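All of the numbers you see were taken from the coordinates with simple rules; none came from a lab. Source: prediction; values computed, not measured. FYI the Cβ positions are ideal-geometry reconstructions off the backbone, even for glycines, and counts take in every protein chain you see.
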Amino acid sequence: MRITILQGAFLPVPALRGGAIEKAWESLGQEFSRNGHEVTHVSRLCDGLPESEKIGKVTHFRVKGADAVSNSWILKLLELPYVLRARKVLPLADVLVTHSFWAPLFLPRKRNGKLYLHVGRYPKGQFRLYRKASRFQVPSKAIARAVAMEAPHREKEISVLPYPLGWDLPTVRPLSDRPKRILYAGRLHPEKGVAELLDAFGRIHETKRTGWSLSIMGPWRQEHGGAGKGYLDSLRNKSAKIGPTVEIIDPVFDEKDLLEQYGQTRVFAYPSLAEKGETFGLSALEAMSCGCVPLVSSLACFSEFIDPPGSGFVFDHSSPGRVEALQATLVAIMQADQAGRLESVSVQARKIAERYELGKVASLYLNDFADLPA
């Protein structure tokens, strides 16, 4: 099978700047090629990457894109010339995977492959326009419902397939051998609940959080999806008031470095508030694969793989007192750790993550490609 993957205009592949979608499809493309398929990957030209190269058995083409901005309308306008440039390098194929906003409108119906539309962002009214799409692939049931509301006549053409882990389950240390560390890893943006996490941790009396630390790690620049220097400074001010048990560190995108961070963590906190922003929560799943206990908000997408209290902890982000709710959940986690109950949650979380290993998930996608209508 000839498979082309067309990424968006703002992040490169390999995922040198991070990006859950870019990481996932980079891994899937490599796995498809290992299964004997001819894979071409098209992405943004930047960061010194060549216009074309072979990585493993995957052919990469790169075209000029743009840095991301906060205004969603300008963001869409910036992506249009990228898609038009990408159109010139797209090969003949059987399947064209893309999450680009404009690709379903500006690419020919089947010349470059049956259009397999990955829904990596919450729908915003565009799906009724995507008549050329052969399939809408969504990472969670919550997003499937949102797409079906926009295009009810296409409900049978929606596939719910998850993101894969980018690695095989690593060998990990038990929680008792790790520092009492809580880690947030993701974009530094108000919609991610980072400020609320700092406030909640800071409100816990020092006697109750003795020995515990909190690390905030992620990109803050707007072109990398963050909220900018002003927001970073506000987080630093909050952390300074709490004291040395809190640190804000630079993001890491290298797999080895990321695994090392997770291996030094007991609790992975991802308190996202983005009702129409989160579609899956890959970073939480990655942390679970390393034995970290997940703490997430009550967004529907997280319920796909976290079932409290056995495999993680959830706080009600929709509550008017969400900081207090998050604080109470953090205290409950610390008490569970003191009582020796957190280890079993870690083990169960890791078992769940095993279901999302790359080979298993890639097979689901290949079967879905084969099932696309003629």
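If only Cα atoms are counted, what is the Rg of region 175-354, and what is its Dmax, in Å?
For region 175-354, the Cα radius of gyration and maximum Cα-Cα distance read 14.9, 44 Å.
Between region 143-199 and region 326-374, what's the alpha-carbon centroid distance in Å?
Here the two parts' Cα centres lie 10 Å apart.
Kindly rank 227-239, 172-184 from highest to lowest mean number of other beta carbons found within 10 Å of each residue.
Order by mean packing, descending: 172-184, 227-239.
Output the peptides 268-279, 215-226 sorted from most to least packed, where packing is the average of other Cβ atoms within 10 Å over each peptide's residues.
In decreasing order of mean packing, 268-279, 215-226 become 268-279, 215-226.
Under Stokes-Einstein, with the Kirkwood radius over Cα pairs standing in for Rh, what whole-number D in µm²/s applies to the chain at 10 °C and 1.306 mPa s?
Translational D for this selection: 74 µm²/s.
Taking Lys238 as the anchor, which aspartates and glutamates have their alpha carbon closer than 14 Å to its alpha carbon, excluding any fewer than eight residues away along the same chain?
Glu196, Asp199, Glu247
Would you grab the residues whose amide H sits under 5 Å from the one on Ile248? Only those 5+ places off in sequence or on another chain, please, with H modelled 1.01 Å from N.
Here Ile216 satisfy the definition.
What span do the alpha-carbon atoms of region 14-168 cover on each of the three principal axes, reported in whole Å from largest to smallest?
Computed over region 14-168, the largest-to-smallest principal extents equal 41, 36, 31 Å.
At 0.36 nm per residue, and after removing the present C-alpha to C-alpha distance, how many nm does the segment from Asp307 to Asp233 gain when stretched out fully?
23.1 nm
Determine ³J(HN,Hα), in whole Hz, for all residues of region 16-28 in sequence, where each value follows from phi through the Karplus function 6.51 cos²θ - 1.76 cosθ + 1.60 and θ = phi - 60°; x replaces Gly and Pro.
3J(HN,Hα) across region 16-28, in whole Hz: 5, 10, x, x, 4, 5, 5, 4, 5, 6, 4, 5, 5.
For region 93-164, divide the Cα radius of gyration by the Kirkwood radius and give the resulting Rg/Rh value with two decimals.
My calculation puts Rg/Rh at 0.93.
With both partners inside region 175-354, how many of the DSSP beta bridges are antiparallel, as a percent to the nearest 5?
0 percent
Between Arg173 and Lys208, what FRET efficiency follows from the Cβ-Cβ distance if R0 is 25 Å, with the result rounded to 0.05?
It comes to 0.50.
For the peptides 246-255, 9-18, what is the packing order when you average, over each peptide's residues, the other Cβ atoms within 10 Å and list the highest mean first?
Result, highest mean Cβ count within 10 Å first: 9-18, 246-255.
Tell me, what is the Rg over Rh of region 25-90, with Rh the Kirkwood radius over Cα pairs?
Dividing the radius of gyration by the Kirkwood radius yields 1.04.
When the chain is fully extended, how far beyond the present Cα-Cα distance does Asp250 get from Ser52, taking 0.36 nm per residue of separation?
Contour length minus the Cα-Cα distance gives 68.3 nm.
Semi-axes of region 322-374's equivalent ellipsoid from the Cα gyration tensor, sqrt of 5 times each eigenvalue, largest first, rounded to whole Å?
Ellipsoid half-lengths, sorted descending, are 39, 16, 5 Å.
If you plug each phi of region 99-106 into the Karplus form 6.51 cos²θ - 1.76 cosθ + 1.60 with θ = phi - 60°, what whole-Hz ³J(HN,Hα) values come out, in order, with x for Gly and Pro?
Residue by residue, region 99-106 yields 10, 5, 5, 8, 3, x, 9, 10 Hz.
Using a Förster radius of 25 Å, what is the FRET efficiency between Met149 and Asp67 based on their Cβ-Cβ separation? Nearest 0.05, please.
0.20
Efficiency by 1/(1 + (r/R0)^6): what FRET value for Ser363 and Ser298, r their Cβ-Cβ distance, R0 = 30 Å, to the nearest 0.05?
E(calc), rounded to 0.05, equals 0.45.
Could you state the orientation-averaged shadow area of the convex hull built on the Cα atoms of region 146-266, in nm² to one decimal?
10.8 nm²
Given H placed 1.01 Å from N in the peptide plane, which residues other than close sequence neighbours of Cys292 have an amide H under 5 Å from its amide H?
The list, which skips near neighbours in sequence, is empty: none.
Quick query: amide H of Val97 versus all other amide H atoms, modeled in the peptide plane; which residues come in under 5 Å with a sequence gap of 5 or more or a different chain?
Amide H neighbours of Val97, under 5 Å, 5+ apart: Thr4, Ile5, Leu6, Tyr116.
Quick one: which of Lys57/Lys156; Lys57/Lys110; Lys141/Lys229; Lys114/Lys360; Lys54/Lys132; Lys23/Lys351 span more than 28 angstrom between C-alpha atoms?
Over 28 Å Cα-Cα: Lys57/Lys156; Lys141/Lys229; Lys54/Lys132.
Under 4 °C and 1.567 mPa s, how fast does region 1-45 diffuse according to Stokes-Einstein, given a Kirkwood radius computed over C-alpha pairs? Answer in µm²/s, whole number.
123 µm²/s
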